[in-house]
Amino acid sequence: MATAEATMGGMAHAHHEEQSFIRSYIFATDHKIIGIQFLFASLFFLLVGGIMALLIRWQLGFPGQAVPFGDPISPKSYNALVTMHGTIMVFFALMPMVMGVFANYLIPLKLGAPDMAFPRLNMLSFWMFVSSGTVAMASLYVEGGAAGAGWTAYPPLSGAAQYSGVSLGQQLWIVSLILFGASSLLGSVNYITTVINMRAPGMTLFRMPLSIWSLFITAILALLAVPIIAAAAIMLLFDQTIGTTFFLPADGGQPLLWQHLFWFFGHPEVYILILPAMGIVSDILANGSRKPIFGYHSMVYAIITIAFLGWIVWGHHMFQSGMNPLLGTTFMISTMAIAIPSAIKVFNWLGTMWRGNLQFHTPMLWAIGFVSLFTIGGLSGIFMASASVDIFIHDTYFIVAHIHYVLFGGTLMASFAGIYFWFPKMFGRMMSERLGKIHFFLTFILYNLAFFPMHLLGMGGHMRRIADPTQYEFLRPLQPLNQFISVSVFLLFLAQIPFVINFFTSLFKGEQAPLNPWKDNGLEWTVPSPPPHGNFETTPTVYHGPYEFSSPLVEEDFLPQNAPLNGGERKAATVGAGAGE
Amino acid sequence: MANESVMNEAIAMPGGVHAEPGMQVYNQKLGMWVFLASEVMFFTGLIGAYIILRFGAGDWALPGIPLEEGGTPLNINLTAINTFMLICSSVTMVKAFAAIEHGDQKGLRRFLLLTVLLGASFVGIQIYEYMELVHEGFMPRCSDELAAIVPNCHLFGSTFYTMTGFHGTHVSLGVVALIWVTVKAFRGQYSKENHGGVEVVGLYWHFVDLVWIMLFTIVYLI
Amino acid sequence: MDWLPAAASTYAGDLDKIFYVILAITGVIFVGVEITLLYFVIKYRGREGRKAAYIEGSNKAELIWTLTPALIIVGLAVASQNVWSKIKDPNRFPEDALELRIEGRQFAWGITYPGVDGQLGTDDDFTRYNELHVPVDKPVVFELTSADVIHSFFIPVFRIKQDAVPGLNTRGWFQATEVGEYELACAELCGVAHTVMRAKVFVHPRDEFQRWVSEQAQS
């Protein structure tokens, strides 16, 4: 028994017994179920974070006015809102979306593996995530209120209750972060081991789809970055609870040490959030263009370069922190440099669409939207990379605009693309294209109406994290813009309703999904929708790369990775499971 | 499949084929190496913080100077013995692994048992050291009396206990894992062909030892 | 409408210039990329019977769109560095400046002036809260710290921002070029009253400033 477990990485093999509902769906070890569990969890936290955004924008647009059916938002609550909105969106909505949903669901399927290397560890990872999310939500209700020091939690404000008025809330915030870190770590170990060791024969590294490349590199980033924030968070917790003095200057502590540790993690963290999005978009753009991804090798090297450079730019968050200005120069250079591989990717995406045969299915619309909005987010980053311009725009709404363009316009839109794309495989049903398109257009338009003006607010000097801009004479002329943004955000929130309706009705009443509705080349499209436990009856053999669209060698405009080309092979489309004999 | 050495290169996949050659090690071993990389980063965070805080603080309680004169409160001699024991436990761990590589069940059991004992002793002595230090007033936040003598005492206490405490926790968890492996060894569940558990726990154990050698040098000796 | 605030210091214009240069470059790239995207969406939309061109890439294209951004980036970094150094390098702070000590605290700005003798650290120093008075056309060098948590000293019209960190003494400078009344804001979340941690900035003509200093000394 130990033998088989070691060879197959501890997973149950083909002849496993009927599992109870609890074993199959609650304490599931199947990567597909775990991926779906993460999906529901992420969407839930997206809703929570979104509601917080509504409250923030209410206060900013109409300072001091009572929330409909409620009370006015106090300054302390406002600080808690901005803190928890950021924390929940980054750690509980987006991170699990890319690293919990897509990494889990796609890696074994797209590599031809039966499951992850360590299925039980995978289950543990999900339930640790649930516990971390529970602690974070609990922190909203404790005495003293939730953490209010920003998602960046700079001490001394975060390190001592005397400064913030928050005690248990901040401690729970830290604990939830540590639990989250443990969950993330287990995930990373699984993804890295699986990608290295469990690729089907013929699936060489340079035949892996870009979604898998990006998830793989991202898992390495997470593996190495998350322990740093864990260490820092532990030190902060000790400062808060047992009288240590890591970050409190009175007894030799250094507030800037937290910033270095946090951002040494924090910057790789943002690449953790964007790289999988880029990978997913690459897969979908190639599919929608019916064309190979332009510059596949360059795209891989760009991912690796971004991941590598991401370790040496963290100081750009600290240009104005009191850190030695000479360091500012070095970080400016590395930060400017990282724009280059990002630009390369944008150009390669355009190159993919050039002379393509574009199919505008819903996932493709989101992917195109990603390219459009990520470009804006990336370009706005160049202003911040300039240490001198940053003197003015640091801690203003210019930064808020940038963050949201890359995380919402970037990661979230790519996540929607991925959800629409893989929903048929996950649930065996098609989503409504009509509702999908409505969701896309409303979101795209309202998103830009809401967030583009924030660049202008930032240019005007509008600071971040202030509860009432009207306190400042120089900001009063910008207040109409604030109101316009708030209304756009309210509508943007409502624009997600078509998605919610679509998602849930399709789950139960959607049209039956065929094997390969998007005529894609990935191995996941060669098995039933949804795939059975163990994925492939027999492990497929891979014969070519993932982007053989419109190949002159076959009649169809796609060629699954496991379809052999035996002289004159023309019916590539009908290749089913286990064709690797 | 039962006769095939499970510790060979490519992973067996359903349908009787082998995966693309990865790192040429079985999953559990690769997983442990990957996990240890994250552990390196974790201790780097803690140790890095210590280095920055200590060298930013100026005055420090140095080894070799009596406590009354503002020297280190730490018991270097006792900890040196403790360090030696931990290093010995790595040696016994290597010998345990070598034994089962040759199919020597008795050797495996003997050396695993020794490793557990040495490891547990390390933890025990460290707990004893903690108790002595606390008695002296040396804690994550020092007593007022000690803080008056030892420069940057609170900073020293904060960093000392966090680093060695987390290390000690890792050692303790390692001892638990070793006990589990030892029990399995006594039940004859390892063989020449199949002893991945021994190797993987061994890797973890060596890592924990290496971290301690670094900590002992940086925190006690320098 | 000019979205940037009025420029009221000597280096504000320099900083704004870099901003506009970056705006111009990113603007061109932005328009170029979005128009190309739109053009492709229209021109290459799927039609019955068409097949996409089976093109895997182009090394030449990769080279061009790697080197071009690289060159632009080098230029921007060099241009930015000069202004960065001018504003933030203590070795380049102007001589013969009015010295101030500024302390941020929850939730006010304490500014210590050197008094009539013009020397900080002497008996005639005085401290005022939430009012920064400076003479026009004279450099001001300040030493900045915090009494409690991290704050950030931000005067939009001067384009100066510097974090105030407890346990650290950071330094900065500016030289006001326009007489008037402006605002100082805290630009780092510092607690429940962060929103109202603002101060007034008064830029006086030279002689008026001297008079103000004498008046303060007397009270």
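The single condition among (1) assigned to a loop (DSSP other than H, G, I, E, B); (2) over 14 Å from the mean Cα position of the chain (by Cα); (3) surrounded by 18 or more Cβ atoms within 10 Å (Cβ to Cβ) that C:L144 does not satisfy is (1). Checked against (1) in a helix (DSSP H, G or I); (2) open to solvent by less than 10 Å² (accessible area, probe 1.4 Å); (3) within 14 Å of chain C (Cβ to nearest Cβ); (4) within 30 Å of A:S550 (Cα to Cα), A:W258 passes all but a single condition, namely (4).
Evaluate segment B:173-193: report whether one residue or more is of a type in the set (G, A, S), under 17 Å from the mean Cα position of the chain (by Cα) and surrounded by fewer than 21 Cβ atoms within 10 Å (Cβ to Cβ). Yes, segment B:173-193 contains at least one residue that is of a type in the set (G, A, S), under 17 Å from the mean Cα position of the chain (by Cα) and surrounded by fewer than 21 Cβ atoms within 10 Å (Cβ to Cβ). Candidates are the residues of segment A:235-252 that are open to solvent by 10 Å² or more (accessible area, probe 1.4 Å), within 7 Å of another protein chain (Cβ to nearest Cβ) and not aromatic (F, W, Y); the one that is nearest to A:S183 (Cα to Cα) is A:I242.
For segment B:188-222, a residue qualifies if it is of a type in the set (A, V, I, L, M) and under 25 Å from B:V34 (Cα atoms), and the qualifying residues are B:V198, B:V200, B:V201, B:L203, B:V208, B:L210, B:V211, B:I213, B:M214, B:L215. Considering C:R171, C:R198, C:R159, the condition of being of a type in the set (K, R), within 14 Å of another protein chain (Cβ to nearest Cβ), open to solvent by less than 10 Å² (accessible area, probe 1.4 Å) and in contact with a Leu (Cβ under 8 Å, 6 or more places away or on another chain) is satisfied by C:R159 alone. When C:T177 is tested against the conditions (1) under 26 Å from A:L256 (Cα atoms); (2) more than 14 Å from every other protein chain (Cβ to nearest Cβ); (3) under 17 Å from the mean Cα position of the chain (by Cα); (4) hydroxyl-bearing (S, T, Y), the lone failure is (1).
Taken together, A:S131, A:S164, A:S139, A:S77 contain a single residue that is more than 9 Å from every other protein chain (Cβ to nearest Cβ) and open to solvent by less than 20 Å² (accessible area, probe 1.4 Å), which is A:S139.
Condition check: within 14 Å of another protein chain (Cβ to nearest Cβ), open to solvent by 10 Å² or more (accessible area, probe 1.4 Å) and in contact (Cβ under 8 Å) with a residue 40 or more places away in the chain. Does A:L121 satisfy that? Considered against the rule, which asks whether it is within 14 Å of another protein chain (Cβ to nearest Cβ), open to solvent by 10 Å² or more (accessible area, probe 1.4 Å) and in contact (Cβ under 8 Å) with a residue 40 or more places away in the chain, A:L121 comes out as yes. Scanning segment C:164-185 for residues that are more than 15 Å from C:F142 (Cβ to Cβ) and in a strand (DSSP E or B) turns up C:G180, C:E181, C:Y182, C:E183, C:A185.
With the structure loaded, tell me whether A:F40 is hydrophobic (A, V, I, L, M, F, W, C), surrounded by fewer than 24 Cβ atoms within 10 Å (Cβ to Cβ) and without any contact (Cβ under 8 Å) to a residue 12 or more places away in the chain or whether it fails that test.
Here the answer is yes, as A:F40 does meet what is asked.
Among the candidates A:G460, A:G534, the residue that is away from chain B (no Cβ under 14 Å) and either open to solvent by 70 Å² or more (accessible area, probe 1.4 Å) or small (G, A, S) (or both) is uniquely A:G460. Identification of helices (runs of 4 or more DSSP H) wholly contained in segment A:102-187 with 1 or more residues that are closer than 30 Å to C:T145 by Cα and out of contact with any strand residue (DSSP E or B) (no Cβ under 8 Å at 6 or more places or on another chain) yields A:161-164.
Looking across B:T164, B:T182, B:T159, one residue alone is out of contact with any strand residue (DSSP E or B) (no Cβ under 7 Å at 6 or more places or on another chain), within 24 Å of A:G159 (Cβ to Cβ) and away from every other protein chain (no Cβ under 13 Å). It is B:T164. Quickly run through segment A:540-557 and pick out the residues that are buried (at least 24 other Cβ atoms within 10 Å of the Cβ) and within 15 Å of B:M13 (Cα to Cα). Within segment A:540-557, A:P540, A:V542 qualify. Of all residues in segment C:1-22, those that are farther than 20 Å from C:F174 by Cβ and within 8 Å of chain A (Cβ to nearest Cβ) total 2. The selection criterion, being open to solvent by less than 90 Å² (accessible area, probe 1.4 Å), at pLDDT 95 or above, assigned to a helix (DSSP H, G or I) and over 20 Å from C:L144 (Cα atoms), does not hold for C:A79.
Residue-wise test of (1) open to solvent by 30 Å² or more (accessible area, probe 1.4 Å); (2) in contact (Cβ under 8 Å) with a residue 24 or more places away in the chain; (3) not in a helix (DSSP H, G or I).
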| site | (1), (2), (3) |
| --- | --- |
| C:Y20 | yes, no, no |
| C:T26 | no, no, no |
| C:A53 | no, no, yes |
| C:G57 | yes, no, yes |
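One residue stands out in segment A:200-219 among those that are open to solvent by 10 Å² or more (accessible area, probe 1.4 Å) and touching a helix residue (DSSP H, G or I) at 6+ places or on another chain (Cβ under 6 Å): the one that is farthest from B:W33 (Cα to Cα), namely A:W213. In summary, C:R128 fulfils each of the numbered conditions (1) basic (K, R); (2) over 17 Å from C:F174 (Cβ atoms); (3) touching a Leu at 6+ places or on another chain (Cβ under 8 Å) with the single exception of condition (3). Scanning segment C:113-141 for residues that are touching a Phe, Trp or Tyr at 6+ places or on another chain (Cβ under 7 Å) and over 19 Å from C:E208 (Cβ atoms) yields C:D125, C:Y129, C:N130, C:V141.
On the stretch given as segment C:28-48, residues that are open to solvent by less than 80 Å² (accessible area, probe 1.4 Å) and more than 9 Å from chain A (Cβ to nearest Cβ) total 2. With the structure loaded, tell me whether A:N502 is open to solvent by 30 Å² or more (accessible area, probe 1.4 Å) and polar (S, T, N, Q) or whether it fails that test. The answer is no for A:N502.
Kindly indicate which of A:T244, A:T218 is part of a helix (DSSP H, G or I) and either closer than 30 Å to A:G351 by Cα or touching a Lys or Arg at 6+ places or on another chain (Cβ under 9 Å) (or both).
Result of the check over A:T244, A:T218: A:T218.
Rundown of residues vs (1) more than 7 Å from chain A (Cβ to nearest Cβ); (2) at pLDDT 95 or above; (3) part of a loop (DSSP other than H, G, I, E, B), yes/no style:
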position: B:E20; (1), (2), (3): no, no, yes
position: B:M23; (1), (2), (3): no, no, yes
position: B:L30; (1), (2), (3): no, yes, no
position: B:S38; (1), (2), (3): no, yes, no
position: B:F42; (1), (2), (3): no, yes, no
position: B:Y50; (1), (2), (3): yes, yes, no
position: B:D59; (1), (2), (3): yes, no, yes
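Taking segment C:69-120 only, how many residues are over 30 Å from C:G191 (Cα atoms), touching a residue at least 60 places away in the same chain (Cβ under 8 Å), within 14 Å of another protein chain (Cβ to nearest Cβ) and β-branched (V, I, T)? So the answer is 1. Only one of B:T169, B:T115, B:T159, B:T164 is within 15 Å of the chain's Cα centre (by Cα) and under 20 Å from B:G71 (Cα atoms); which? None of the other options fit; the residue is B:T164.
The values are calculated or read from the model by the stated rules, or taken from the named source; none is laboratory data. Fair warning: this is a prediction, and the values are worked out from it, not measured in the lab. Note: ideal-geometry Cβ built from the backbone for every residue, glycine included; neighbour counts use all protein chains shown. Note: accessible area is taken over every heavy atom of the protein model, side chains too, but ligands, DNA and RNA are not part of it. Shrake-Rupley method; radii C 1.70, N 1.55, O 1.52, S 1.80 Å.
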